[in-house]
Structure formats: C-alpha cells, structure tokens
Amino acid sequence: MSLLAVSLAILGSAQALPRRPPPDSLVAAAAAALAHGQPWRASRMLAPVLRDSGSRTPAVLLLAAQAAGAWGGWTEVERLLAGAGWVDSLQGGRGRELLARAALDRQADSVALRHARLAVDAARNDRTRAMRQVLAARALDRLDRRDSASMAYRAAAAALPRVADWLTFRAVALTDDSAARGQLAAAIASGVVRNRLPLAEAEARERAGDLRGAAARYAALSGWTDAYRLRLAADTAPAARAALRAELLAAVTEARTSSQGHAAAVALDAFRPLAPGDELLVGRALADAGAAAAAAAALGRALKAGAGTADDRYAYATALFGLRRYADAAFQYNLVRAPRSLAANAAYARARALVRAGEGGEGRSALREVLRRYPDVTEASATALLLLADLATDERRDAPARGALLSLVRQYPGSRLAPGAFFRAAIIAFAAGDTRTAGRELDSLVRRYPESGEVLAARYWAGRALAATGDSAGARIRWQDVATRDPLSYYAAASEERLGRAPWVPSAAADSFVAVPDVDSALARSELLDSLGMAREARWEQDALSRAADSSVDRLLATAAAFRAHGLASCAVQTAWRAVGRGAARDARTFRLLFPLAAPEALDAYSRDEGLDPAFVAALIRQESIFTPGATSPAGARGLMQLMPAVGHALARAAGFPLWDPVLLYQPDVNLELGTRHLAELVRRYPATVQVLAAYNAGTTRVERWGTKVGMDDEELFAERIPYRETRDYVRIIQRNRQIYRALYGFAAPAGARTGSR
C-alpha cells in the first residue's frame, strides 16, 4: 500500500475507524509522511496526539514543529516550541534552528540571531553548523552588522562547497573595503556567480555609504530605480539637485517608453511642484509604463494648468478608466474633439465608460452617436457596433445583436474585428435554429478570411450546421479538415469525437534524455540555496541554466526534464516549447514535458475521492498554475488550483482541518484536497462541464446570467456564447488539455464522473 493510502486510512472517518489509532502509530505515520514530503499530512496526524497532554513529549513537539516548518507554518512552530527548555539538547538543537527560521520569517532579526547562534553551538556536524551560520548571517545582514555577517557567510562557505561561491558573493556585497572585496571576488570560480559581481559591487558601495559610486554602478546595470533613488539621497547641494533634475527630465523626454524613463518620472516626484510642461512629460512616461494612478495625477495637474494636447487628455481619461473612475473618464473623453480619428476613438471610449459606470441607456445612445458622426473611422465605429451587439446579447435580444454584427462585417470588412463578428453572427443564427443560414455564413467566413483565427471554429460549426440539415457527408468533410489542420486544438478534439474517431495522441517515446551533469548540479545548488533562504540566488542559477540550454535541442529537452524532476514545472514547459520551436519531435516524451504533472499520486487520489476525472483536474491545474505550487495570481489566488485564501479557509473548516494558515495553499496536497472539493461543489451545482469551468474562472453569478441566453443547453454553444474571451479560451483549452493528459498518462475517469466526457 502507498504512503498516501496509509495516510488516508489513518485519517479516515469515525465510521471507518471506530477506535483512534494509538499515539505511537500516528507518530510513526507522521514521521513517514514528513520524510516523504507531506508535511501537512504529518501535522494532521499529530493533531490528536498533541491534544493529549500525556502524549506531548519533547520528541512529538519537535516532530510537529518540523512538520509545521516544512509547510511554512512559522507561527505554529513558535507556538509549539515557545519556552521549551529542551530545544538545545534534542536532535542537536533542531528546535532552536526552527525558532531561528521562524523569527527570520517575521523579521524579528535580533531574536533570530540569538536562536541561530545557539543552534550553531548545538550542531553535531560541520554541514548542519554551516547551514545555521547562514541563518545567523542573514539576521546580521538585516541588522546591518556587515562585518559580522560577511564573516558568517565566509565561515559557512568552507563547509558548503556546493554554494560556496554564492555565500562569498554575499560576503562581497557586505565588505566595505574595495581591496578586500577584490580579494574575495577573485576566489569565486563560478561563471554564473561572477556575472553577478557588478551587482554585489553596487550593493557594497551603497551599504558602505558611497551613494554616488553605487548609483553609477546600478545605472551601468540598467537598475535605474536604484540609481535615481541613491542620486536623490546623495545630490543634496542646490547645484547638484538642479543638475539631477535636468538629467531626469532629459531621461523622461528621450527614453520615455523605457524603464529608465519610468524610473526618472517616479524620481521627479521629489522635485514637485513641477512646471506644467515638466508635469506633462512625467505624466506621459508614467502612462506609457501603465502606472495609472501616478499618470492620472500628473496628467491631471498638467491639464488643469493649461498644458497638454488632445492625446494627453485621452491618456488622462484612459488612466482614469484603468482606475475604475468611469464617470470621470467619460467626462474627460468627451473633451477630446480633434483630430477626427482621436475624437472618434474618444467617443467610443466615453460610451464604454458610461456602460461600465452603470449608465447603460446613455452608453447605447453614445455608441449610436459614434456610428452617426464617425462612420468613416473604422476602429471606432466597428468597436461601437461590437459593443452594441454585446449589450443586446446580454439582454437576450439576439436579433438586434446579430444585426449589429452583420453591419460590422458589411460596412467594415477589412476591420480586424470582422471575422469574429461574422462568426458570432452565424452562431446566433445556429442557436436560433436557422442552421442553413449559419452553415452558409460560416463557409463564407472561411473563404473571405482564410488566415483568420476563426477558421477552425467556423469549419467545425459549419460541420455542425450541415449535420443539423442532414448533410452528414458535408459535415464529415469539414470535421476531417479541422482535425487535419490543427490536431492539438479544441476544435480538432471535438471533430474527432463527432467523427467517431479516437482523439489525437502523440507517438510513443520513452522519457530518455542526454546526460548533462552540470544541469543536475545547478539545480542541486538552486535547491540548497532555496533551503538557506537565498531565493534570489536560487533563481539566478535557474535563469543561467535556462540560457545555457539553448546550445542544442537535446540540451533543451534534458534541461526541461531536469526542471520537471525538481518541481519547476513552469520552467520545464517554457524550455520544452523552445525545444519544439527548434525542431524537437512532437512525441509523447516532449508532450510530457509540455504537459507535466505534480504530486500525481495525490492528484489521482483526491480527484477520485471527489468523483472527478483526474485528467480533468490535471488539465485545469495546467491552465491555472502550470503545476507551480507557489503560484500567486495578481488577485491573490494561490497554489496549484489557484484558490483564494478565504475560499481555502472555508473549505478547510468544512474538511475539519485542526488549524489554518493561508500559506498551506502552497502545499500541493492541501491545495489538491481543497481544490478538488471546490471543483466537486461546482460539478454538483451545474449540469455541464463548460458551466463548471466557466464558474471556476469567472464566478457563479456570471454563469447564472449567461445561462439565460438562447441555446445554452448545448455545451458547445454555451462555450461560444461566453462574452469574455479569457473565459471562452479557458473553457476550450482545459477541455483540449484533458484529452492530452488522458493520452499521456492513461488517466481513466471514475464511473459516473460528470467531467469524464465532453
């Protein structure tokens, strides 16, 4: 029986286990789970043991603290070990080391230093002592005790030869004397580390107080934000300040769209109030950089002072729109009256802002005004027609929506929007039951726009339209064409199913790769650096490895395989795609790199426990996080299945977790357990896979609204009529991915799994 199966059995329900397992068996199972990389499972097993005061022995407390530390539960570590008198004597001070790491995590650096030094004293071997010296060095570094930190890093380097050059690199950055820095740097042999020495030199000069020297070196590295930050701190004399101000304005003018221009624009905040013309330059650079809030503030000041052009007014309005200040944006767009093309685009943008502000009626009137006043401006009028169609569709007024879409195609056939509008118009006809018209229009789309991204979709739906009219031969011709054009596409998989054929599978190939010893050694260094809290240096090792892989296709594939083996799935996928671009065979070996798995045993177990198709869950994870356990979205969603902390907490409470910390969502087994529960809830709520996926991506409220459209009882029509492109693509891609995961890993859906078929 597997470790996971044993663990699940021990954690089973009261009905399955009428008597609680004895503490010794739980502790042994927890130790095994921790040894096999399942720290949260170990914590859950130990929870009932810890509740029994008679079982809370030092060994059990230390094991629980080790498990908590392994999943990042540093608050729990401190709770378990606080005040324990045995932390220096048990397991060579392992508890003291955990306390040092916990203190570093909450930036209690003086506390961390005290714990780390005691842990060093208790160490039983040179390697353990060196790793703890790194903890002390990190604390000393943050306390700005540079000489002591440098000595600690150098002492650790002697016993950690694998990462000695990186530890010396840190010592270089902490050494004030330039000659001493040179001596340390000369001892560094690794080319990867030597390439980063200019940064260490810049950091050392900054720490030593040589702000101008540090700024010059940051500038040479294109680290403009740091360069200007230090110049602002160093150039305090009036003449120097005036020269810096002029330099910053020149950078904003000459390098407006670059990182230098953006950094200069931000730095000029120190010189406010600025003249209106200068404020305008700053606002333009910030707008180009996408810094909406700062751009809006600067452009608003400039325009209020009478500076600026119509383009600046448009940029100001666009920044306000990005800040969701829709009413203010609409007002500013309305002030853009010339030149004609810009005024037309501003008129459309105003209408869109009004719609977003909840002024739907006024927004529609504004869109119609765009069509009346600017019929010769293709971009503005075509997008106005498209938005009118979207609004009508949302209100279940398909006939006016179809009319607007066909007007776009007739009046602006060369617009980039025309193929998509033509396709959507045909889909509305299909949903209404007019399949002959739909088929005719879809075939026409393919003839008129043969290079369009809508061709595959049009051919597939033309086949469905012909099948609905009884022309099965014509339908088969179109589906065969789709399957041939792009075997990996969503529409190819759908076509194969309608043709009654097995889906495309890559040719068989074993996972064998050329031996590249330096790849494995680089990733071993990266893992050790990460365990030492040196994440920046770990990432640099990975970056260098990725760059070196381009020397050959074989090395690209071998590097991708190594990334996969070390849990760096997104790096594996990116590297494998580069190999495909260089001509790597599109066989099963390559596709297993492009479509990897993480924690496959847990994925399979939790999926089946919830009655889900494991291939479906794998496909969703591939789209959500590319199997990256530490993935975090801009909105704050975490882990493999991208759960928001609040959702994770509610699911964990329902699952009976003995404690909760949002960091748990970065643990693959936790994320899989909670994510599959969440997905299963949606499966129970909705009758169709496409609705489940749309709800997972866009929320249940939107799915309920979309479900009122005509034809939404047809899964494929539902997918096509989702108004958000991101969600439409999401739904299609995951269904395509499911077929690939089945082909690559032999997943079979559990009996009765609702997500087991199209």
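The values are calculated or read from the model by the stated rules, or taken from the named source; none is laboratory data. Bear in mind the structure is a predicted one, so any value in this text is a computation, not a measurement. Note: ideal-geometry Cβ built from the backbone for every residue, glycine included; neighbour counts use all protein chains shown. Remember, those area values only see protein heavy atoms, side chains included, never the ligands or the DNA or RNA. Shrake-Rupley method; radii C 1.70, N 1.55, O 1.52, S 1.80 Å.
Reported count of residues in segment 712-733, each being open to solvent by less than 20 Å² (accessible area, probe 1.4 Å) and under 16 Å from D394 (Cα atoms), is 8. Here S526 fits the description: more than 30 Å from A467 (Cα to Cα), open to solvent by less than 70 Å² (accessible area, probe 1.4 Å), out of contact with any Gly (no Cβ under 6 Å at 6 or more places or on another chain) and not in a loop (DSSP other than H, G, I, E, B).
Of the residues Y449, Y460, the single one that is within 27 Å of R478 (Cα to Cα), touching a residue at least 24 places away in the same chain (Cβ under 8 Å) and open to solvent by 10 Å² or more (accessible area, probe 1.4 Å) is Y449.
Of the residues L221, L230, L197, L143, the single one that is surrounded by 22 or more Cβ atoms within 10 Å (Cβ to Cβ) and not polar (S, T, N, Q) is L230. Does A618 qualify as being of a type in the set (A, V, I, L, M) and either more than 22 Å from S43 (Cα to Cα) or without any contact (Cβ under 8 Å) to a residue 60 or more places away in the chain (or both)? When the stated conditions are applied, A618 passes them. Among the residues making up segment 597-636, those that are within 16 Å of Y666 (Cα to Cα), out of contact with any strand residue (DSSP E or B) (no Cβ under 9 Å at 6 or more places or on another chain) and of a type in the set (A, V, I, L, M) are L597, A598, A599, A602, L603, I621, I626, A635. Considering the conditions (1) part of a loop (DSSP other than H, G, I, E, B); (2) open to solvent by less than 70 Å² (accessible area, probe 1.4 Å); (3) more than 30 Å from R138 (Cβ to Cβ), R501 is excluded by exactly one of them, (2). Within segment 47-71, residues that are touching a residue at least 40 places away in the same chain (Cβ under 8 Å) have Cβ atoms under 6 Å from residues that are of a type in the set (F, W, Y) and surrounded by 14 or more Cβ atoms within 10 Å (Cβ to Cβ) in these pairs: W71/W40, counting only partners at least 6 apart in sequence or on another chain.
Checking L388 against (1) open to solvent by 10 Å² or more (accessible area, probe 1.4 Å); (2) farther than 19 Å from R725 by Cβ, only one condition comes out false. Which one? Tallying (1) open to solvent by 10 Å² or more (accessible area, probe 1.4 Å); (2) farther than 19 Å from R725 by Cβ, L388 fails exactly one: (2).
Restricted to segment 625-640, and to residues there that are touching a Ser or Thr at 6+ places or on another chain (Cβ under 7 Å), under 20 Å from R738 (Cα atoms) and of a type in the set (A, V, I, L, M, F, W, C), the residue that is most open to solvent (accessible area, probe 1.4 Å) is I626. As a summary of the residue check, W706 satisfies the conditions (1) farther than 24 Å from A421 by Cα; (2) modelled with pLDDT under 95; (3) buried (at least 19 other Cβ atoms within 10 Å of the Cβ) except for the one numbered (1). The set of residues from segment 715-729 being in contact (Cβ under 8 Å) with a residue 40 or more places away in the chain and not aliphatic (A, V, I, L, M) comprises E715, E716, E720, R721, P723. Of the helices (runs of 4 or more DSSP H) that lie entirely inside segment 551-624, those containing 3 or more residues that are open to solvent by 50 Å² or more (accessible area, probe 1.4 Å) and under 28 Å from R677 (Cα atoms) span 600-609. Being surrounded by fewer than 18 Cβ atoms within 10 Å (Cβ to Cβ), touching a residue at least 40 places away in the same chain (Cβ under 8 Å) and in a helix (DSSP H, G or I) is the filter here, so list the residues in segment 474-498 that pass it. E497, the sole residue that qualifies.
Taking segment 115-147 as the range and being under 15 Å from R207 (Cβ atoms) and part of a helix (DSSP H, G or I) as the test, the residues that pass are A137, R138, L140, D141, R142, R146, D147. If you go through segment 651-674 and pick out every residue that is assigned to a helix (DSSP H, G or I), without any contact (Cβ under 8 Å) to a residue 60 or more places away in the chain and either of a type in the set (G, A, S) or surrounded by fewer than 22 Cβ atoms within 10 Å (Cβ to Cβ) (or both), you end up with 5. Only one of the listed residues (G277, G290) is within 28 Å of the chain's Cα centre (by Cα) and surrounded by fewer than 16 Cβ atoms within 10 Å (Cβ to Cβ). That residue is G290. Return yes or no: is S521 among the small types (G, A, S) and either open to solvent by less than 40 Å² (accessible area, probe 1.4 Å) or more than 24 Å from A558 (Cα to Cα) (or both)? Answer is no for this residue. Checking the stated criteria, T708 turns out not to satisfy the condition of being over 26 Å from I626 (Cβ atoms) and part of a helix (DSSP H, G or I). Residues in segment 691-711 that are in contact (Cβ under 8 Å) with a residue 40 or more places away in the chain and more than 23 Å from R638 (Cα to Cα): R705, T708, K709, V710, G711. Taken as a whole, the structure leaves A156 outside the set of residues that are open to solvent by less than 10 Å² (accessible area, probe 1.4 Å), assigned to a helix (DSSP H, G or I) and under 23 Å from D661 (Cβ atoms). Filtering R352, R372, R368, R337 for residues that are open to solvent by 70 Å² or more (accessible area, probe 1.4 Å) and either on the phi > 0 side of the Ramachandran plot or not in a helix (DSSP H, G or I) (or both) leaves a single hit, R337.
Of the residues A694, A751, the single one that is modelled with pLDDT under 90 and either of a type in the set (D, E) or over 11 Å from A615 (Cα atoms) (or both) is A751. For the criterion of being open to solvent by 20 Å² or more (accessible area, probe 1.4 Å) and farther than 26 Å from D144 by Cβ, Q107 fails.
Output the residue which, of all residues in segment 213-240 that are of a type in the set (G, A, S), in contact (Cβ under 8 Å) with a residue 12 or more places away in the chain and assigned to a helix (DSSP H, G or I), is nearest to D177 (Cα to Cα). Top of the filtered list is A214.
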